[in-house]
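What follows is calculated from the coordinates using simple rules that are stated; it is not laboratory data. Since the model is a prediction, treat every value here as computed from it, not as a measurement. So basically every Cβ, Gly included, is an ideal-geometry build from the backbone, and we count neighbours across all protein chains shown.
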Amino acid sequence: MSQDRASRYQAFIFDLDGTLIDSAPDIAAAVNAYLQEQGHAALEVAYVERFIGNGPRRLIRDILLDQGIVLEDAALDDAVQAYIGHYRRHPASHTRFFPHVKEDLENLHAAGFRLGICTNKPHALTRQILDLLALSPLVEVALGADAVPACKPDPGHLRAVARHMALPEGAWAYIGDTPVDQATAEAAGVPFFVVPWGGGGEVQVLPSQRLRRLRDLLSYKIAPLATPPSTTT
């Protein structure tokens, strides 16, 4: 769904990993902590980063399969919980905002935009990281993968965030960095923008959907209603 400057929004919902924050080093550290416990070699951050975006179970399953390791469901469940445990102990030691993201979010918030987050990261871990990065005061609603019946690319995940924010139809857009984010927005029938960092450069969108930085979204502000001229009698 394309956007132009005639479009106006009250709110934006964002993906988290790869869109607002570069969390790959901490995710890779947690993956490697689990792997090394099991006697496997540590993996490079860039390698792990290829598998981020579909939630922790897919992350661990897909990495293990790519490494030639197949686990039954119960063992995979244990592996995922071990990974999450490691991640929660060090959730933001090396995580950083992408350039200008924090200041642009602050400017969007100050301009009156309402902000939400829809992420496939576990919900409690999401809240922990938002607190550590001082994002919680800016974000009205954040829903992780396990806070909904089905997570992205299921459109119900994104729509659940909008529902919790009581957003009217047509008054908001979704911003992400992966084809999963794009597919989620399309399935939900909402406008989509892609950032240039994270995996954004690989997402195929119209030029009007490609942001240079988040402050570009300021131009989509709903104009305030004009104040009628006062009259005297």
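Amide H to amide H distances under 5 Å link residue 97 with 22, where only residues 5 or more positions off or on other chains count and H is placed in the peptide plane.
Mind giving me the nanometre distance, one decimal, between the label points for residue 221 and residue 97, set 7 Å out from Cα along Cα→Cβ? Here the modelled spin labels are 1.8 nm apart. Phi angles across region 167-175 convert, under the Karplus curve 6.51 cos²θ - 1.76 cosθ + 1.60 with θ = phi - 60°, into 3J(HN,Hα) values of 7, x, 4, x, 9, 8, 9, 10, 10 Hz, Gly and Pro given as x.
Any chance you could tell me what percent of the C-alpha pair distances in region 1-132 go past 27 Å? Every Cα pair in region 1-132 considered, those over 27 Å come to 28 percent. As a rough footprinting exposure proxy, the listed residues 58, 114 were ranked by other beta carbons within 10 Å of their own, and the order from fewest upward is 58, 114. Other residues with beta-carbon under 11 Å from the beta-carbon of residue 139 carry, at +1 per Lys or Arg and -1 per Asp or Glu, a net charge of 0.
Each Cα pair under 8 Å and six or more residues apart adds its separation to the average, and for the chain the resulting relative contact order is 29 percent.
Binning the alpha carbon pair distances of the chain at 5 angstrom intervals from zero yields the distribution 1, 6, 14, 18, 19, 15, 10, 6, 4, 2, 1, 1, 1, 0, 0, 0, 0, 0, expressed in whole percent.
Gain in length, residue 40 to residue 70, computed as 0.36 nm per residue apart minus the alpha-carbon separation, to one decimal in nm?
Working: separation 30, 0.36 × 30 = 10.80 nm, distance 1.34 nm.
Additional length available on full extension: 9.5 nm.
Using only C-alpha atoms and all pairs of different ones, pull out the Kirkwood radius for region 24-89 in Å with one decimal. Mind dumping the intermediate values first?
Values: mean 1/r = 0.0866 Å⁻¹.
It works out to 11.5 Å.
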